[in-house]
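Here the structure comes first, spelled out in structure tokens, and everything after it is commentary.
The values are calculated or read from the model by the stated rules, or taken from the named source; none is laboratory data. Because the structure is predicted, anything quoted here is derived from the model rather than measured. Here Cβ is always computed from backbone atoms with ideal geometry, including for glycine, and neighbour counts include all displayed protein chains. Protein only, heavy atoms only, side chains kept; ligands, DNA and RNA dropped before computing areas. Shrake-Rupley method; radii C 1.70, N 1.55, O 1.52, S 1.80 Å.
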Amino acid sequence: NKINYNVIPAKAGIQINCHPEAKPKDLDEQRDSSLTLRMTTIKIMEKVKSIARNLINSKILIKTGIFALFLAVCILAPFIKIQLITGSIVNAVLFISVLTLGIEAGILIGFLPSLVSAFSGLLPVALLPMIPYIILSNTILVLIFSMLCKKSFFTGVIIASFSKFLFLYLSSSML
């Protein structure tokens, strides 16, 4: 059996039949099949859009969950009552939040541990005036780390940490 390749021009495109003894379809059948193909393509594209929307929504939910987890860790950290451990935990969470969620999330997470410490009574009354400086130092840490971590993670951590320390040291010596 020989395969007869018939090429049939139509308004919607070109149809190639590759079946043995293929016979040309009439124009109406071709248009119907072309319309069916277009409708199927549209349905597939709508499904793809729906799947993409669901993925975007699930990414938002995942990021929200990660943000909530980081926030919980930072809020609970002051209850340890050992400043070295609390500060290390908060700084680590700030670094990780910048890497996973972005600068805005890191800054927002940096606000709450100090406020929780103040309102829960964990921070001595004498240190209450330091809260704005602690919040600002966390913001400095996040901003400097976010700028430097792209070049070198460890350099970003070291310079951001030192900048936070220097800012807190100078602020506390002025108060």
Notebook entry, point to check: Out of TYR169, LEU141, ALA52, whose Cα points farthest toward the positive end of the dipole of the range 40-175 (charges: +1 Lys, Arg; -1 Asp, Glu; placed on Cβ)?
Noted result: ALA52
Check: At what distance in angstrom do the alpha carbon centres of the range 80-97 and the range 103-139 lie from each other?
Finding: 12 Å
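Ignoring any ligand, DNA or RNA, what whole percent of the accessible area of the range 50-175 comes from carbon and sulfur when the probe is 1.4 angstrom? Mind dumping the intermediate values first?
Numbers: 5980 of 7710 Å².
The nonpolar share, carbon plus sulfur, comes to 78 percent.
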Next item on the list: Can you run the Rg to Rh ratio on the range 63-166? Use alpha carbon positions and the Kirkwood inverse-distance Rh.
Entry: 0.96
Checklist line | Shape parameters for the range 126-175, alpha-carbon atoms, Rg then Dmax in Å | finding: 11.9, 40
Check: What distance in nm separates the simple spin-label points at GLU104 and ALA52, each placed 7 Å from Cα in the Cβ direction?
Finding: 2.1 nm
Next item on the list: Evaluate the distance, in nm, between pseudo-label points positioned 7 Å from the Cα of VAL125 and of LYS81 along their respective Cα→Cβ axes.
Entry: 1.9 nm
Check: What does a probe at LEU115 reach in the range 139-161, counting residues whose amide N is under 16 Å from the point 7 Å along Cα→Cβ?
Finding: 139
Note to self: Please compute the alpha carbon radius of gyration of the range 35-87, then divide it by the globular-protein estimate 2.2 N^0.38 Å. Two decimals is fine.
What the structure shows: 2.23
